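Take a look at the structure below.
Nothing in this text is a laboratory measurement; each read-out follows from the coordinates by a stated rule. What you see is a predicted model; the values in this text were computed from it and never measured. Cβ sites come from the backbone with ideal geometry, for glycine too, and all protein chains shown count toward neighbours.
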Amino acid sequence: MDSEILYRWRTLTDGERAATLRERKLHRQAWHSPSHRESMDGRYLITAACYEHTPIIGMSAERMSEFESELIAVCRVNSSAIWAWTVLPNHYHVLLHTVDVIGLIASLGQLHGRTSYFWNGADSQRGRKVWHGVAETAMKSDRHFSATLNYIHHNPVKHGYVTRWQDWPYGNAREYLESVGRDEAERIWYEYPVGDYGAGWNW
């Protein structure tokens, strides 16, 4: 799958999508059930984007898959729970709990440095700026948390890559839906709507 096909996921045939989803299912990460009020402190949305929104992550399916695995491995070391994530061709979002967000951001900065060096070498683009940076947003309430959960799972749909959450292979929406069930996922979606969440972020 080349970068042009990957960047326009919605144009893939059903067979191409199914093959990619089957391959991705072999490398799934565990999904944590939604948090409770006692864990409110330390819940963050972590977001990072490629410089000028260039789809550098999405240059190939292999790069997308490898980066997703590396990202979740770094987050797992620096957090006690990861509830939602999605990796798109030019940015990513992760909803997690950490008691050391500064340490987490430093570790993500190291990941960005490693991937920048490797990708620029692979793409014959030495000196190219790959990442714009990392931003953290603390969850202000359970409502904020649930809306953020919906926002992350909905992000590939928002950007037009798929029409259903579970069809995007580089995230945990499929596991989330299987865990909570369709009825509960719909209840959470309607009770905590995304609305204009993320407006102005340019992700």
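Screening Tyr161 on (1) outside any helix (DSSP H, G or I); (2) over 20 Å from Gly58 (Cα atoms) shows it passes everything except condition (2). The set of residues in the stretch 70-83 that are exposed (fewer than 15 other Cβ atoms within 10 Å of the Cβ) and either within 14 Å of Tyr170 (Cα to Cα) or small (Gly, Ala, Ser) (or both) comprises Glu70, Ala73, Ser80.
Residues that are among the aliphatic types (A, V, I, L, M) and more than 24 Å from Gly160 (Cβ to Cβ) number at least 2 in the following strands (runs of 3 or more DSSP E) confined to the stretch 76-150: 81-88, 131-138.
Within the stretch 168-185, take every residue that is under 14 Å from the mean Cα position of the chain (by Cα) and not in a loop (DSSP other than H, G, I, E, B) and give me the one that is nearest to Ser65 (Cα to Cα). The residue in question is Gly171.
Answer yes or no as to whether Leu149 is under 19 Å from Ser65 (Cα atoms), crowded, with 18+ Cβ neighbours inside 10 Å, of a type outside the set (D, E, K, R) and within 16 Å of the chain's Cα centre (by Cα). Give the steps one after another, and end with the answer.
Numbers: under 19 Å from Ser65 (Cα atoms): no; crowded, with 18+ Cβ neighbours inside 10 Å: yes; of a type outside the set (D, E, K, R): yes; within 16 Å of the chain's Cα centre (by Cα): yes.
Spelling it out, it is not the case that Leu149 is under 19 Å from Ser65 (Cα atoms), crowded, with 18+ Cβ neighbours inside 10 Å, of a type outside the set (D, E, K, R) and within 16 Å of the chain's Cα centre (by Cα).
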